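The values are calculated or read from the model by the stated rules, or taken from the named source; none is laboratory data. Predicted model only: the values in this text are computed from it and were never measured. Glycine also receives a Cβ, built like all others from the backbone with ideal geometry; neighbour counts cover every protein chain displayed. All accessible areas refer to the heavy atoms of the entire protein, side chains included, with ligands and DNA or RNA removed. Shrake-Rupley method; radii C 1.70, N 1.55, O 1.52, S 1.80 Å.
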Amino acid sequence: MYGVVHFTTGSLNMPIDKSDPNPNQSKASKFRWGELEEDDNLDFLLPPKEVIGTDENGIKKVIEYKFNDEGNKVKITTTTRVRKLAKARLNRRAVERRNWEKFGDAVHEDVGSHLTMVSTEEIILERPRAPGMKAEEIKVPGDSLAQLSKGGAVLMVCRTCGKKGDHWTSKCPYKDLAAPVETFVDKPVASEASVAASGSGKGAYVPPSMRAGAERTAGSDMRRRNDENSVRVTNLSEDTREPDLLELFRPFGAVTRVYVAMDQKTGTSRGFGFVNFVNREDAQRAINKLNGYGYDNLILRVEWATPRAN
Amino acid sequence: MRPILMKGHERPLTFLKYNRDGDLLFSCAKDHTPTVWFADNGERLGTYRGHNGAVWTCDVSRDSTRLITGSADQTVKLWNVQKGTQLYTFNFGSPARSVEFAIGDKLAVITTDPFMELTSAIHVKRIAGDPTEQTEESVLVIKGPQGRINRAVWGPLNRTIISAGEDAVIRIWDSETGKLLKESDKESGHKKTITSLTKAADGSHFLSGSLDKSAKLWDTRTLTLIKTYGTERPVNAVAMSPLLDHVVLGGGQDASAVTTTDHRAGKFEAKFYDKILQEEIGGVKGHFGPINALAFNPDGKSFSSGGEDGYVRLHHFDPDYFNIKI
């Protein structure tokens with residue numbers, strides 16, 4: 001015995017014979033063949049149900065005629081595609097059960113009920129990502145450490161992942177990921193390292209700000225102070241972007257940089273971001289005022305980006 | 001595969017059970033009306049009207065003549081499967097959370113929730129062959145576990161009862177004396193509420209799923225931990241294939257994770273794992289809400305899942321499912 005699935009792709013209700021003068025009356029009246037006159041209206045009789053059997057595509061059409069609620073005769077065309085979904089070998093008892101009468105809420109159900117339908121999408125058992133990916137990631141940290149130990153070579157610093165000695169920013173394999181939080185701490189450390197490295201490289205061009213004795217201290221100090229005025233904002237709503245944060249924090253003072261961590265896959269915020277103020281006092285005021293502030297129906301958490309807040 | 005969607009329930013699904021022959025699928029939901037469907041094409045056969053609360057659980061006798069359902073209205077009812085009529089009602093002092101017929105269908109184990117002053121308990125009732133002779137009396141009542149007992153099943157040869165619940169401990173009790181025989185080890189066991197339990201076809205091992213985002217496979221006689229399967233979602237339902245060495249976990253989403261994850265529609269999936277290698281084979285997506293119930297057809301060629309969205313999705317496997325290699 002085969003299990004088959006019928007599902008309905010379309011049903012047409014077509015009213016016919018709208019000009020029927022008194023349909024209700026003719027339905028209600030008792031019908032006697034002997035009293036029929038030649039030109040009596042026999043419209044209350046319905047044509048028989050037609051079943052156009054399953055053709056080679058598995059399409060079956062059933063044409064029924066009914067009276068709808070307004071008493072109009074309607075033609076209902078039900079088009080069904082019969083697909084063989086599964087082969088079920090049923091034992092004798094199961095075959096008997098197939099013929100049981102419907103009960104409970106299913107009593108008035110016919111095969112065309114809309115409770116059961118075949119999914120329009122093809123669903124597959126999705127395999128997880130290939131295990132080959134994992135092997136590559138483990139190799140990389142090993143390489144960068146080896147490079148560091150060489151000494152004398154120029155130290156390559158990547159701004160995106162903060163890894164030293166492996167690659168430059170443009171060659172970062174983790175280009176897509178958001179910069180990890182540590183960059184803000186690493187930056188002062190990294191800038192020190194790059195100064196030392198460029199000093200030792202002979203003949204390498206050293207920009208004026210990096211040259212020995214130049215006003216280098218002010219520049220890097222300014223940058224460092226900025227990063228010390230970095231404020232971390234968490235519990236952001238998913239459509240918060242940089243302009244929103246800028247708008248929110250500007251009233252407290254000059255903002256040099258705003259950043260919102262994004263999930264590249266979905267394009268939504270990962271829920272946190274950073275704001276860099278020029279002045280530390282402004283940052284402190286922002287923290288005091290905005291921590292716990294309700295923004296886009298979430299309560300913001302605003303704190304110093306680095307744990308030490310003196 | 002083309003899953004068959006069955007939307008007979010207006011509220012979330014709680015439990016799914018196939019009969020022994022694999023031609024009927026019984027579904028329980030929070031909408032008070034357990035429903036029976038034909039397992040090949042998903043056509044609804046009937047509904048069992050009579051409960052006044054969410055129906056948490058059900059079981060069907062081996063000859064598919066009797067259905068037992070447990071509900072939040074503090075009753076457990078016996079039904080005639082074919083006609084949909086009630087045969088008997090057991091009354092309790094608190095909602096019934098889990099029911100199972102014993103092998104032979106002469107006994108049933110029922111768990112009740114803690115409610116007001118009552119603690120949770122495991123009841124064993126005798127089921128008479130003739131419904132008119134059915135009595136309310138319990139053969140055995142076991143008390144002891146703290147918190148809700150989410151599932152209690154019979155062990156091999158009806159000698160033991162295995163229970164698991166909110167206290168994350170799996171216990172094996174003697175079914176005649178009610179004595180506690182074994183408890184799962186706290187270190188290696190689950191850390192949060194155990195939501196579901198399913199036995200292997202031969203009863204030698206069983207699988208428990210928990211909100212701690214893992215499922216564990218245990219030996220039935222010794223209660224030693226055999227395997228652990230990890231997911232990123234709390235596990236609400238577990239199922240084991242009777243044909244292949246596959247384990248399926250269905251779960252939900254932590255309420256706390258709602259604002260930070262993306263919501264693509266239909267992305268709640270039933271995850272398939274290799275039973276022995278503990279590795280994920282794949283997932284079957286489609287539900288619009290957490291999956292609360294999973295069941296495998298005894299022939300192993302199809303399975304169904306019930307979700308928070310009120311849909312039952314019946315999947316007949318494609319031929320290449322049976323050839324999957326890791």
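Of note:
- Residues with amide H under 5 Å from that of B:His246, placed H, sequence gap 5 or more: B:Ser241, B:Lys275
- For B:Arg20, the accessible area of its heavy atoms, probed at 1.4 Å with every protein chain present, is near 120 square angstrom.
- If you plug the beta carbon distance of B:Thr119 and B:Leu243 into 1/(1 + (r/R0)^6) with R0 = 41 Å, you get a FRET efficiency near 0.55.
- Total accessible area lost when A and B pair, probe 1.4 Å, Å² to nearest 100: 3900 Å²
- In terms of accessible area, using a 1.4 Å probe and ignoring ligands and nucleic acids, A:Ile299, B:Ile170 rank largest first as A:Ile299, B:Ile170.
- Inter-label distance for B:Asp174 and A:Met117, nm, one decimal - labels placed 7 Å from Cα along Cα-to-Cβ: 5.7 nm
- Nearest-10 value in Å² for the accessible area of B:Asp274, using the 1.4 Å probe: 30 Å²
- Comparing the full protein assembly with the isolated chain (1.4 Å probe, heavy atoms, ligands and nucleic acids excluded), the residues of the stretch B:1-38 losing at least 30 square angstrom of accessible area are B:Met1, B:Arg2, B:Pro3, B:Ile4, B:Leu5, B:Lys7, B:Asp21, B:Asp23, B:Phe38.
- Fraction of accessible area attributable to carbon and sulfur, chain B (%, probe 1.4 Å): 49 percent
- Pairwise centroid distance, computed over Cα atoms, of the stretch B:13-36 with the stretch B:100-138, Å: 19 Å
- For the stretch A:250-310 and the stretch B:270-300, distance of Cα centres in Å: 42 Å
- With R₀ fixed at 35 Å, the C-beta to C-beta distance from A:Asp55 to A:Glu101 puts the FRET efficiency at about 0.70.
- Cut-off 17 Å, label 7 Å out along Cα→Cβ of B:Arg49, residues of the stretch B:80-106 by amide N: B:80-87
- Solvent exposure, largest accessible area first (probe 1.4 Å, DNA, RNA and ligands not counted), of B:Tyr321, A:Tyr205: A:Tyr205, B:Tyr321
- Ranked order, B:Ser214, B:Ser204 - accessible area, probe 1.4 Å, largest first: B:Ser204, B:Ser214
- Exposure of B:Thr228 as accessible area (Å², to 10), given a probe of 1.4 Å and all protein chains: 50 Å²
- Pairs beyond 28 Å (Cα-Cα), from B:Lys30/B:Lys227; B:Lys30/B:Lys285; B:Lys77/B:Lys191: B:Lys30/B:Lys227; B:Lys77/B:Lys191
- The stretch A:228-304 - accessible surface per residue (Å², probe 1.4 Å): 51 Å²
- Based on protein heavy atoms only, chain B ends up with 39 Å² per residue of surface accessible to a 1.4 Å probe.
- With a Förster radius of 35 Å applied to the C-beta separation of B:Ser188 and B:Asp130, the computed FRET efficiency comes to 0.15.
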